[in-house]
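Data block below; observations after.
The values are calculated or read from the model by the stated rules, or taken from the named source; none is laboratory data. Just so it is clear, the model here is predicted, and its values are computed rather than measured. Here the Cβ positions follow ideal geometry from the backbone for every residue, glycine too, while neighbour counts run over all protein chains shown. We work out accessible area using only protein heavy atoms, side chains counted, and drop any ligands, DNA or RNA first. Shrake-Rupley method; radii C 1.70, N 1.55, O 1.52, S 1.80 Å.
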Amino acid sequence: AHMSRQGAMSQLAAALSAFRIHDEAQRRNQELSTLNEIASTITSTLDTSEVYRLVVQRLNTYFNVEAGSLLLVDETSGDLRFVMTIEGGEAKLAGVSVPMGQGVVGAVAKSRQWEIVPDAPKDPRFYRKISEDIGFVTKSILCVPMIAKGRVIGVIELLNKLDGQFNPDEAERLMRMAAFIGVAIENARLFQQVASGRDRLAAILNSTADGILM
């Protein structure tokens, strides 16, 4: 009886381990399909706001949160600028800035580490002005840096997980995804610069002889 109980226990352990592996594989597949969708949008459109919108929509769905934001570092001021926020399916906050070093977003941009804030109003770093301006109640935050070519270009911030609390496993997963998204966004921005540069050059060449001399 003792042996059979041990056998049953080890079978249970093996089944649990197989379930974990299956669960992890399923999550990996979802992660990869999310990133694939983002990648295909980036290669098919030069419209960066469309890219930002899709990134935030996909992350909100994947992590099951109430709202998500993408912020990019303003090269001149060092402030973090909201380029896309989606809350309740609606885009908000584009163009609003968080002063350099302020808020959880500023802390993450500086530390280059992920941050989970389970109770935002109690965190001294919480920058409440923006939530108050749009009448949004921030409860919990998961925030990660976006790093491209060795520098922090922005942060991704997810708010109010709808099924429990954010956990370190999700933070690591979002870090992995943010590394990919950061490079993709840099590339989208470069493509846009090249395209607008090419259009400018074409306009100059098509205008006058003076343009060609210039």
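Largest accessible area first, the listed residues E170, E66 line up as E66, E170 when surface is computed with a 1.4 Å probe on the assembled protein chains.
Summary of packing: across the peptides 48-55, 71-78, the per-residue average of other C-beta atoms within 10 Å ranks them, highest first, as 48-55, 71-78.
Between Q165 and N187, the C-beta separation translates, for a Förster distance of 35 Å, into a calculated FRET efficiency of about 0.55. The solvent-accessible area of R81, taken with every protein chain present and a 1.4 Å probe, is close to 90 Å².
If you take all other residues with their beta carbon under 9 Å from the beta carbon of V117, and give Lys and Arg +1 and Asp and Glu -1, the sum is -1. Protection proxy ranking for 137-146, 98-107, using the average of other Cβ atoms within 10 Å per residue and placing the highest first: 137-146, 98-107. Karplus-based coupling profile of region 175-181, in residue order and whole Hz: 4, 4, 5, 5, 5, 5, 5, with θ = phi - 60° in 6.51 cos²θ - 1.76 cosθ + 1.60 and x standing for Gly or Pro. Near G150: Cβ cut-off under 14 Å, other residues only, Lys/Arg at +1 and Asp/Glu at -1. The net charge is +2.
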